[in-house]
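Just so it is clear, none of the values below were taken in a lab; they were calculated from the coordinates. Not measured: the values here are computed from a predicted model. FYI the Cβ positions are ideal-geometry reconstructions off the backbone, even for glycines, and counts take in every protein chain you see.
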Amino acid sequence: MKCQNIVRNVSLLLQVSGIFALPLASQLPSLLDATLDDLRAGLDARAFTSEELVRAYIARINETNNQLHAVLQLNPDAIDIARQLDIEHSTGRSRGPLHGIPILVKDVFATADLMDTTGGSYALLGARVASDSTVIAKLREAGAIILGKTNMSEWSSSRSSISILPLGWSPRGGQTLGAYFPGQCPLGSSSGSAVATSIGLSWASLGLETTSSITTPAHINNCVGLKPTVGLVSRHLVIPMSSHKDTVGPITRTVKDAAYMLSAIAGRDDDDAITRHMPFDTLPNYLAACRVDGLRGKRIGVPGNMDKYMFKEATTDASLDAFWASLDVLRGAGAEVVANVTIVEMEQGKYRQLPFGVFMPDLVSSLSRYLNQLTVNPNNLHSIADLINFTHSSPLENYKGYGTDLWDLALEKYSYGTDSPKFLQDLAAAEESAKIHGIPGALANNSLDAIIMPPTFGAMAASLAGTPVITVPLGKTPADWPVSVEYPSSPMNFSGPGQPFGIAFLGPAWSEFNLVGIAYAFEQASGARMKTKPLIQPRTELIDILRATSSTIDA
């Protein structure tokens, strides 16, 4: 072991000294598509360092951010952290697969460092917390480098209706745009996380979902989005929307990378009571689920009359054609496709609108709870009423343009709290209905391993049930697809040529291991992601940073 460490140290010294020849560009991973295995192999082979990887990602962010506005803030300590992790790596210490790997996180994950955590709003600029949120602490412990915070739909789209407040817009970050055609709407609310991951501004990113905030931006930006069962991942010190429905999950470029990230962040947390519902003491080995035969023998359900009940979107025709074609991929990979599965709640139209009686009282209570955990609260904000007043009075928040209609509604009609009999009754009724008439009931009644549907529709179904969903790239619109504007007030295009879309796999609670296996096998069989490339791409690659480092040393 001592000899191995000496070899590692000498190898690193020679590399830093410029004695080793630079690797060929073709020997380095392309950051647009790099997987964790690619980056891990390069770091372990001393082809590059974590510091060089961080510098490459920062350069890529600087090249695209004025156009796409995906990243809200960079971590000023990122390079120093990378250097420290490089030293650990050079001495043979490894914290695991994520050691020295940069990631970006949505601007809802509190960090006890020099970065702000604001939900995209100026209201919380300068606010501080006592410690990192649990998921950030877990990622740091695993060796990940928190590279920065991503832009998002302000307050996770809870401030105003999406027909008024554009998806992906925040006062601090401006309007995030997708990279696949001009003016592309990124969907939301984890907009920046999805866009950043799609064009390789970091290895992966972290999002928060209540109803669709991970899965829909992931699928429209050619990414994998994994929304875990509510309770699998802690939400402690995460700016909330709903303490009963929020869940934290990864946005990655591959299913295996989502499994890596989930393995790092999942687990019980004494600071988040809902994680006590986890039915196992030891987490499943999500990486072991990534097998090419993961679909063999699985029963996959397809809802009946889906095109009648689903949302009508600008890409519906193209995505439905690809959806029906995907059934042959499933069968070819060994799955049994079960057609015409009845989902009563879908036929009742319950997946078209949030049940406000569940989400609104939870929003009022959850936001207040978070605000009162701040150790520094520069604007003295403690409630939604305070947030409304701040938004109204601050010109930076553009109250005149975007208002606060959802907050106003919550304060006017739903401020009775989550301890009230009214809320508890509505919550119990919604959860019972979802269990019997929603996704869990359909899975159980048909002995299914998973149900598939387009992600935008599947996201709502999984939200009401609190169950997991994973989206995988499926296809893209043709080159002659017309540009479409959804809302006249929006500055964005909701569809256009070359726009990606995905497919969603939904399973019962705590079935992430099974879903990862199914999604991985489908991903390997379809290969859809690599067939779709963004129109806007950063230029910097690792070789550029290595050449710059070598030139500096030679000089």
> If each Cα of region 102-164 is one equal point scatterer, what is log10 of I(q)/I(0) from the Debye formula at q = 0.21, 0.24, 0.25, 0.27 Å⁻¹?
Replying inline: -0.84, -1.01, -1.07, -1.18
> Which entry in [x] 69, 59, 51; [y] 72, 56, 55; [z] 72, 61, 46 is this structure's computed Cα extents along the principal axes in Å?
Replying inline: [x]
>> Calculate log10 I(q)/I(0) of region 444-555 for q = 0.17, 0.20, 0.23 Å⁻¹, where I(q) comes from the Debye formula with a single equal point scatterer on each Cα and nothing for solvent.
In response: -0.94, -1.08, -1.21
> What shape does region 383-528 take by its C-alpha gyration tensor, where a ≥ b ≥ c are the square roots of the eigenvalues and a/c under 1.5 counts as rounded, a/b above b/c as prolate, and the rest as oblate?
Replying inline: oblate
> Would you list Trp203, Trp324 from fewest to most Cβ contacts within 10 Å?
Replying inline: Trp324, Trp203
> If you plug each phi of region 61-78 into the Karplus form 6.51 cos²θ - 1.76 cosθ + 1.60 with θ = phi - 60°, what whole-Hz ³J(HN,Hα) values come out, in order, with x for Gly and Pro?
Replying inline: 4, 5, 6, 10, 6, 5, 9, 9, 6, 7, 10, 8, 7, 8, 6, x, 9, 4
> Mean separation of Cα pairs under 8 Å and 6+ residues apart, divided by the residue count of the chain: what relative contact order is that in percent?
Replying inline: 19 percent
>> Ranking request for peptides 522-532, 164-174: highest mean number of other beta-carbon atoms within 10 Å first, then the rest in descending order.
In response: 164-174, 522-532
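How big is the antiparallel share of DSSP beta bridges in the chain, given as a percent to the nearest 5?
65 percent
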>> Can you give the FRET efficiency to the nearest 0.05 for Asp544 and Val344, using r as the Cβ-Cβ distance and R₀ = 60 Å?
In response: 0.60
> Which ³J(HN,Hα) values in Hz, rounded to whole numbers, follow from the phi angles of region 386-393 under the Karplus curve 6.51 cos²θ - 1.76 cosθ + 1.60, where θ = phi - 60° and Gly and Pro get x?
Replying inline: 5, 5, 4, 4, 5, 4, 5, 8
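Does region 397-440 come out rounded, prolate or oblate by the C-alpha gyration tensor, with a ≥ b ≥ c the root eigenvalues, rounded set by a/c under 1.5 and, if not, prolate when a/b is larger than b/c and oblate if not?
In terms of gyration-tensor shape, oblate.
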> How much length is gained on full extension from Val129 to Lys400, taking 0.36 nm per residue of separation minus their Cα-Cα distance?
Replying inline: 94.5 nm
>> Show me, for region 276-290, the HN-Hα J-couplings you get by feeding each phi into the Karplus relation (A = 6.51, B = -1.76, C = 1.60, θ = phi - 60°), rounded to Hz, glycine and proline as x.
In response: 5, 6, 4, x, 9, 7, 10, 5, x, 7, 5, 5, 5, 6, 7
>> Between Arg93 and Ala385, what is 0.36 nm times their sequence separation minus the Cα-Cα distance? Round to one decimal in nm.
In response: 100.2 nm
